[in-house]
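I'd like to ask you about the structure that follows.
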């Protein structure tokens with residue numbers, strides 16, 4: 001497989017074309033951003049941890065019938081993925097009130113929700129990924145009703161599988177973001193699963209083991225990413 005020209009550079013990854021039109025080459029970055037890019041920095045080793053954790057989680061979910069975009073883990077920070085067309089709808093699965101949900105609803109952070117909640121945001125850095133609902137998605141043509149049905153079904157299953165997975169590692173899965181893409185007529189899981197996209201709390205101490213340590217200037221950011229990787233790697 002040959003890596004060709006760069007197609008896109010996002011906040012966390014670079015995407016390259018390959019000599020196979022059905023495969024992209026992804027390179028993870030140590031760059032870190034928060035608050036819609038207002039805060040910027042570097043998390044040493046983040047590219048390695050996010051690439052490796054994502055690969056392990058994709059393999060885990062594939063074992064339960066969730067198709068992902070991963071083709072092959074190449075090295076520390078690089079991965080081959082299916083050339084999906086990203087659906088511009090970010091899915092947030094919430095099990096515990098934290099971050100923006102706690103602020104919006106006036107809930108103490110850490111409040112366990114009676115049931116998991118799915119939220120949707122329009123994927124747009126320029127607009128700050130605004131929250132939308134299924135009426136917006138349908139009216140704007142971001143995804144069809146059939147695609148949204150598939151996205152929701154997969155998101156619920158992923159949440160159930162990941163809550164159980166991390167519980168065994170003494171990690172509480174507070175909430176997380178998912179992205180999906182179109183590939184050969186199917187809707188499949190894309191992007192990444194990592195401390196960048198998930199809120200992880202130590203089950204025994206409630207210590208934050210995710211990007212919130214960077215957002216909130218809590219320190220020991222690299223150590224948190226390393227801890228999640230260590231537990232996931234086993």
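For residue 91, state whether it is at pLDDT 95 or above, on the phi < 0 side of the Ramachandran plot, touching a helix residue (DSSP H, G or I) at 6+ places or on another chain (Cβ under 9 Å) and assigned by TED's automatic domain parsing to the domain that holds residue 214.
yes
Turning to a different aspect of this structure: Considering the range 167-185 alone, what residues qualify as being surrounded by 13 or more Cβ atoms within 10 Å (Cβ to Cβ) and either at pLDDT below 95 or more than 15 Å from the chain's Cα centre (by Cα) (or both)?
At the first step, the residues of the range 167-185 found to be surrounded by 13 or more Cβ atoms within 10 Å (Cβ to Cβ) are 169, 171-183.
Residues satisfying the conditions are 169, 171, 172, 182, 183.
Consider residue 124 carefully, then state whether it is under 16 Å from the mean Cα position of the chain (by Cα) and not assigned by TED's automatic domain parsing to the domain that holds residue 65.
When the stated conditions are applied, residue 124 passes them.
Name the one entry in 105, 101 that is assigned by TED's automatic domain parsing to the domain that holds residue 124 and exposed (fewer than 13 other Cβ atoms within 10 Å of the Cβ). Walk me through it before giving the result.
Numbers: 101 fails: exposed (fewer than 13 other Cβ atoms within 10 Å of the Cβ).
Only one candidate passes the filter, namely 105.
For the range 89-124, enumerate the residues that are assigned to a loop (DSSP other than H, G, I, E, B) and closer than 17 Å to residue 180 by Cα. First the steps, then the outcome.
Initially, the range 89-124 is screened for residues assigned to a loop (DSSP other than H, G, I, E, B), giving 97-98, 106-111, 123-124.
Once the filter is applied, which keeps residues that are assigned to a loop (DSSP other than H, G, I, E, B) and closer than 17 Å to residue 180 by Cα, the range 89-124 yields 123, 124.
Taking residue 230 as meeting all but one of (1) assigned by TED's automatic domain parsing to the domain that holds residue 100; (2) over 30 Å from residue 149 (Cβ atoms); (3) surrounded by fewer than 23 Cβ atoms within 10 Å (Cβ to Cβ), write down the number of the exception.
With respect to (1) assigned by TED's automatic domain parsing to the domain that holds residue 100; (2) over 30 Å from residue 149 (Cβ atoms); (3) surrounded by fewer than 23 Cβ atoms within 10 Å (Cβ to Cβ), residue 230 is out only on (1).
With the condition kept exactly as written, say whether any residue in the range 28-45 is without any contact (Cβ under 8 Å) to a residue 24 or more places away in the chain, assigned by TED's automatic domain parsing to the domain that holds residue 163 and in contact with a helix residue (DSSP H, G or I) (Cβ under 9 Å, 6 or more places away or on another chain).
No: the range 28-45 contains no residue that is without any contact (Cβ under 8 Å) to a residue 24 or more places away in the chain, assigned by TED's automatic domain parsing to the domain that holds residue 163 and in contact with a helix residue (DSSP H, G or I) (Cβ under 9 Å, 6 or more places away or on another chain).
Here is a follow-up. The conditions are (1) modelled with pLDDT under 95; (2) under 25 Å from residue 227 (Cβ atoms), and residue 37 fails exactly one of them. Which is it?
Going through (1) modelled with pLDDT under 95; (2) under 25 Å from residue 227 (Cβ atoms) one by one, residue 37 breaks only (2).
Another question, then. In the range 197-234, what count of residues is obtained for those that are in contact (Cβ under 8 Å) with a residue 12 or more places away in the chain, touching a helix residue (DSSP H, G or I) at 6+ places or on another chain (Cβ under 6 Å) and more than 17 Å from residue 165 (Cβ to Cβ)?
Total satisfying the criteria: 4.
If we scan the range 54-65, do we find a residue that is surrounded by fewer than 17 Cβ atoms within 10 Å (Cβ to Cβ), at pLDDT 95 or above and assigned to a strand (DSSP E or B)?
No: the range 54-65 contains no residue that is surrounded by fewer than 17 Cβ atoms within 10 Å (Cβ to Cβ), at pLDDT 95 or above and assigned to a strand (DSSP E or B).
The values are calculated or read from the model by the stated rules, or taken from the named source; none is laboratory data. The structure displayed is predicted, hence computed values, not measured ones. As a convention, Cβ positions derive from the backbone with ideal geometry for all residues, glycine included, and neighbour counts pool all protein chains shown.
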